[in-house]
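The values are calculated or read from the model by the stated rules, or taken from the named source; none is laboratory data. Keep in mind that what you see is a predicted model, and the values were worked out from it rather than measured. Cβ placement follows ideal geometry from the backbone for every residue including glycine, while neighbour counts extend to all protein chains displayed. These area figures cover heavy atoms from the full protein model, side chains too; ligands, DNA and RNA do not enter into them. Shrake-Rupley method; radii C 1.70, N 1.55, O 1.52, S 1.80 Å.
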Amino acid sequence: MERIKVCELLNKEAGIEVQVKGWVRTKRGNKNITFVALNDGSTVNNIQIVFDMNNFTEEQLKDVTTGACLCVEGSLVASVGSGQKVEIHAGSLLIYGTASPDTYPLQKKGHSLEFLREIGHLRPRTNTFGCVLRIRHAMAFAIHKFFNDKGFFYLHTPLITASDAEGAGAMFQVTTLDLNNVPKSADGKVDYTNDFFGKATNLTVSGQLEGELGALALGQIYTFGPTFRAENSNTPRHLSEFWMIEPEMAFYEIKDNMDLAEEFIKYLVKYALDNCADDLKFLNDMFDKELIERLQSVVETQFVRLPYTEGVEILMKSGQKFEYPVSWGTDLQSEHERYLVEKHFKKPVILTDYPKDIKAFYMKQNDDGRTVRAMDVLFPKIGEIIGGSQREESLEKLENRIKELNMGTESLWWYLDTRRFGSAPHSGFGLGFERLLLFVTGMANIRDVIPFPRSPKNAEF
Ligand code: 4AD
Ligand code: MG
């Protein structure tokens, strides 16, 4: 007999013989009858299996405990009590793997998320993480579908690079040098000539610079891959290894960029509502009673678009007491972003035209000489979910900015060639995949929307 997944079984009509395989969630019953809720990960819903104790012995069922893995064959029967349309009346049972009640950590329902982080290797077997991981998959698929349908090309940018795209400097170094015996040159600095790549390299903080090379050849590209930042930010919104989606478009100005970002997020949220209903309902009922409502409202609302300068004026006039004071020129903290989104406008906000000194070197300079054509998309409960900009296409202005920042143009010669040869207006942005998932799942901590979180002092599983 061929195995049928639970998600399919639950939609089948009664009256057939079936085989199901999965892990025991709960077992209850009495001398005459035993009920087992089995889950195989294909859906948050379980299939109920009924063992008539006239046909099975206590001994046969003794190892059917929470967490054990079973193969059951039996008849699919209309169900009265299981909350589902159908259940299985077991004919045969095979136990693939036991899970001792004395040592299997996931005995009861409702473990805290903190506890589950300590058993990150097993937490995918909980309802909550099943839901999150299925939604994560659906969002990844929808991202590729969105861009493919629009004629964008998926460009694979390198994870190991010699550049610091964001200029923030918080990078993980990649080296094969012997750290106990680091070669130094005469001036006392590390000599990288014998390192693996013959120069200092690091894990990428963004695929953007390579993405721009692609956009100025293929027209419209996107990247979707892991991104690494070694900043010591122990917050519920930062990971050391996260995934980022970075579209980059030739001939797009800032307004086109904003339009695309807004359409993109709405598409993804709507995709989740249309395709992940059971998982969203579970998360809505368990963690966040306003989740589905919030998702629906984002799909329907027009995002506010506002220059940074006006945003700062609103914050300064708000009378709100912030932990970090705000004035023109300061980088906005999450508390400021959330005030604008949650209290003032009560909808997502795209903030534009930030002071050039708090943004990266590549952003297009405005005529005022002090702001750049940046755009950050700010979301309720999260703050910044997207960062992007129109890019500076003038070779001269870009070189001057790089010099001003003492970044050195030598290592960026290949990037500057895009402006030297056939430069074009272009724009792009980066969506933090886990920040999107925070919004879509309603989870409060970014460590709970990635299967194996990496954060300072945390790389166990
Ligand atoms: O604003 P960021 O730093 O922008 C860039 O990296 C640009 N190169 C993007 C571009 O224009 N192509 O990062 C983009 C997004 C942020 O808005 C945030 O959602 C996410 O990446 N992000 C993080 N997510 C989790 N953990 C971190 N440490 C993150 N840092 C940024
Ligand atoms: Mg940013």
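A few remarks follow.
- Residues located in the stretch 255-275, provided they are more than 17 Å from residue 149 (Cα to Cα) and surrounded by fewer than 17 Cβ atoms within 10 Å (Cβ to Cβ): 255, 256, 273, 274, 275
- So residue 456, is it within 12 Å of ligand 1 (Cβ to nearest atom), under 31 Å from the mean Cα position of the chain (by Cα) and not aliphatic (A, V, I, L, M): yes
- Qualifying position, being part of a helix (DSSP H, G or I), in the same structural domain as residue 387 (by TED's automatic domain parsing), closer than 27 Å to residue 373 by Cβ and not basic (Lys, Arg), among 248, 212: 212
- Scanning the stretch 59-84 for residues that are open to solvent by 20 Å² or more (accessible area, probe 1.4 Å), at pLDDT 95 or above and touching a strand residue (DSSP E or B) at 6+ places or on another chain (Cβ under 9 Å) gives 60, 63, 65, 66, 69, 73, 75, 77, 78.
- Test: residue in the stretch 40-48 that is loosely packed, with under 13 Cβ neighbours inside 10 Å and assigned to a loop (DSSP other than H, G, I, E, B): no
- Residue check, residue 187 assigned to a loop (DSSP other than H, G, I, E, B) and open to solvent by 70 Å² or more (accessible area, probe 1.4 Å): yes
- Within the stretch 316-339, the set of residues being away from ligand 2 (no atom under 14 Å from the Cβ), among the hydrophobic types (A, V, I, L, M, F, W, C) and either part of a loop (DSSP other than H, G, I, E, B) or within 19 Å of residue 237 (Cβ to Cβ) (or both) comprises 322, 326, 328.
- Residue within the stretch 317-325 that is among the small types (Gly, Ala, Ser), open to solvent by less than 30 Å² (accessible area, probe 1.4 Å) and on the phi < 0 side of the Ramachandran plot present: no
- Listed by first and then second residue, the pairs linking a residue in the stretch 433-460 that is under 19 Å from residue 277 (Cβ atoms) to a residue that is part of a helix (DSSP H, G or I) and within 16 Å of ligand 2 (Cβ to nearest atom), with Cβ atoms under 8 Å apart and 6 or more places separating them unless they lie on different chains, are 436/265; 449/434; 449/438.
- None of 263, 241, 210 is more than 16 Å from ligand 2 (Cβ to nearest atom), at pLDDT 95 or above, over 28 Å from residue 334 (Cβ atoms) and of a type outside the set (Phe, Trp, Tyr) except 210.
- Test result for residue 47, in contact with a helix residue (DSSP H, G or I) (Cβ under 6 Å, 6 or more places away or on another chain), modelled with pLDDT of 95 or more and within 25 Å of residue 278 (Cα to Cα): yes
- Odd one out for residue 407 among (1) outside any helix (DSSP H, G or I); (2) away from ligand 2 (no atom under 16 Å from the Cβ); (3) aliphatic (A, V, I, L, M); (4) modelled with pLDDT of 95 or more: (4)
- Residue 157 of a type in the set (Val, Ile, Thr), more than 16 Å from ligand 1 (Cβ to nearest atom) and either part of a loop (DSSP other than H, G, I, E, B) or modelled with pLDDT of 95 or more (or both): no
- Scan of the stretch 96-151 for residues that are surrounded by 14 or more Cβ atoms within 10 Å (Cβ to Cβ) and among the aromatic types (Phe, Trp, Tyr), ordered by number: 104, 129, 146, 147
- The stretch 361-398 - residue that is in contact with a Leu (Cβ under 7 Å, 6 or more places away or on another chain) and among the acidic types (Asp, Glu) and, of those, farthest from ligand 1 (Cβ to nearest atom): 392
- Cβ pairs under 6 Å, 6+ apart, first in the stretch 254-279 and outside the structural domain of residue 431 (by TED's automatic domain parsing) and at negative phi, second part of a helix (DSSP H, G or I) and surrounded by fewer than 21 Cβ atoms within 10 Å (Cβ to Cβ): none
- Sub-7 Å Cβ pairs linking a first residue in the stretch 333-358 that is in the same structural domain as residue 384 (by TED's automatic domain parsing) to a second residue that is in a strand (DSSP E or B) and acidic (Asp, Glu), at least 6 apart or interchain, are 337/384; 351/376, ordered by first then second residue.
- Residues that are charged (D, E, K, R), in a loop (DSSP other than H, G, I, E, B) and modelled with pLDDT of 95 or more within the stretch 340-397 comprise 346, 347, 359, 364, 367, 368, 370, 392, 393, listed in sequence order.
- Taking the stretch 9-32 as the range and being outside any loop (DSSP other than H, G, I, E, B), surrounded by 13 or more Cβ atoms within 10 Å (Cβ to Cβ) and not polar (S, T, N, Q) as the test, the residues that pass are 9, 18, 20, 21, 22, 23, 24, 25, 27, 29.
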